[in-house]
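Here the structure is laid out as structure tokens; the discussion comes afterwards.
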Amino acid sequence: MVPVSSVRCRVTDASLSGVPPSFIVMKFDQEGNVTTFEKRKTELCQELSLQARDLRFQHSTSLTARNNCIIIRMQTLKAIVTPQSLLVLDFRGLGLERWLVLDLASQLASQTHSLPFEFRALEAILQHKVNSLQAWLNDVEPVIMDILESLVDPKILSADRSKLHVLLQNSKSLSELETDIKVFKDSLLKILDEDELIEEFCLTKWTDPRVFEEISLGIDHAEEMELLLDNYYLQAEELGNRTRELKGLIDDSESVIFINLDSHRNVMMRLNLQLTMGSFSLTLFGLIGVAFGMNLSSTFEEDPWAFWLVTGFMFLGSGMIWRRLLSFLGRHLEPSMPPVVTNTPTNVLLFNQAKSEFYSFEPDILNSRSRSPLFDGSEV
């Protein structure tokens, strides 16, 4: 006998599997009018003459042309551009409502744009993507710069673990941003490398009679589309360069932090070495006092000046040996010539300041320490 709960579960699963998938659609027409409705995936495919696989949206970035439509995948943003309208799918809960209602509608309704509707729609979406990447970089960059400025201070004796943790988190976010920018650039470059793809993105080129007039007047829509895509590719390239410079600054600051810590460590090691040599000198001449402390009879210990002579000889000999050892240390631990280091322009002053302070110390014991990367995710 089959339990009632299992039967209900099977019936529920069957009913859910029989429900066709649907989209919450926000539609923008050429005048900027907005309508929101729900439509099944099969109905949307039939209306746009698309295959079901064309509407399989994943968290990736791509722009494809299918059957006089432009299918846009910008991670969470899913949109379809037609010659007469723009369809934004499943927009709720993604933080896009404010941009869709306040900004996108006004951009699409702009009468100053002389090119067809797909140009306005595509430009608005690409501009939104670039603005989101720019905002992401503007949030991460000041935090990283403030932390690096405090960490490369040559006066610090140890690195603050809380700041290193914040820097690690922002470094990961910066790497994600760099990957996102690269994927966005690659999707644009894939279109720019193929003239046929650029032609396919001009949706109204062969359907609107006015376009033929513009072509006869020397206005090439394919060339305008190429300029549009190339413009946003260059903006993404600039953001990518800023991201790489910021990552390079983090790597250079890592070297500066290591040099600052090593310089302070060398000071402590030099002080420890000097104290060790002083203790050795006192111990060496302290053997004379040990000899007089034995229970052995001698006539010298009865002399009233014996104690002062032995004590003075001990301190004098210890001081001479200590000075001798210090001169030996100064001759054999001379600093080597500093290597040539290439730095980013924003970090040259801090790096040179830390480097000059580091090489002003005589002992060079950096090679005896095996280093581990500072920002590789391991605990500091």
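A few points about this structure:
For every residue, the table says whether it meets (1) surrounded by fewer than 15 Cβ atoms within 10 Å (Cβ to Cβ); (2) assigned by the TED database to the domain that holds ASN170; (3) at pLDDT below 90.
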| site | (1), (2), (3) |
| --- | --- |
| HIS221 | no, yes, yes |
| LEU234 | yes, yes, no |
| GLY240 | no, yes, no |
| ARG244 | yes, yes, no |
| ASP252 | no, yes, yes |
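- Residues within the range 270-286 that are hydrophobic (A, V, I, L, M, F, W, C), over 46 Å from the mean Cα position of the chain (by Cα) and closer than 14 Å to LEU329 by Cα, tallied: 1
- The one condition in (1) in contact (Cβ under 8 Å) with a residue 60 or more places away in the chain; (2) out of contact with any helix residue (DSSP H, G or I) (no Cβ under 7 Å at 6 or more places or on another chain); (3) on the phi < 0 side of the Ramachandran plot; (4) not hydrophobic (A, V, I, L, M, F, W, C) that GLN30 fails to fulfil: (2)
- Matching strands (runs of 3 or more DSSP E) fully within the range 31-126 where at least 3 residues are buried (at least 18 other Cβ atoms within 10 Å of the Cβ) and in contact with a strand residue (DSSP E or B) (Cβ under 8 Å, 6 or more places away or on another chain): 61-65, 70-74, 77-81, 85-89
- ASP193, sole failed condition from (1) buried (at least 20 other Cβ atoms within 10 Å of the Cβ); (2) modelled with pLDDT of 90 or more: (1)
- Search result, residues across the range 260-291 that are hydrophobic (A, V, I, L, M, F, W, C) and at pLDDT below 75: LEU261, ILE288, VAL290, ALA291
- Test result for THR82, modelled with pLDDT of 75 or more, β-branched (Val, Ile, Thr) and under 23 Å from GLU226 (Cα atoms): yes
- Residue that is surrounded by the fewest Cβ atoms within 10 Å (Cβ to Cβ) [pool: residues in the range 166-184 that are within 19 Å of ILE72 (Cα to Cα) and not aliphatic (A, V, I, L, M)]: THR179
- All of (1) part of a strand (DSSP E or B); (2) at pLDDT below 75 hold for VAL25 with one exception: (2).
The values are calculated or read from the model by the stated rules, or taken from the named source; none is laboratory data. What you are looking at is a predicted structure, and each value in this text was computed from that prediction instead of being measured. Cβ atoms come from the backbone with ideal geometry, glycine included; neighbour counts cover every protein chain shown.
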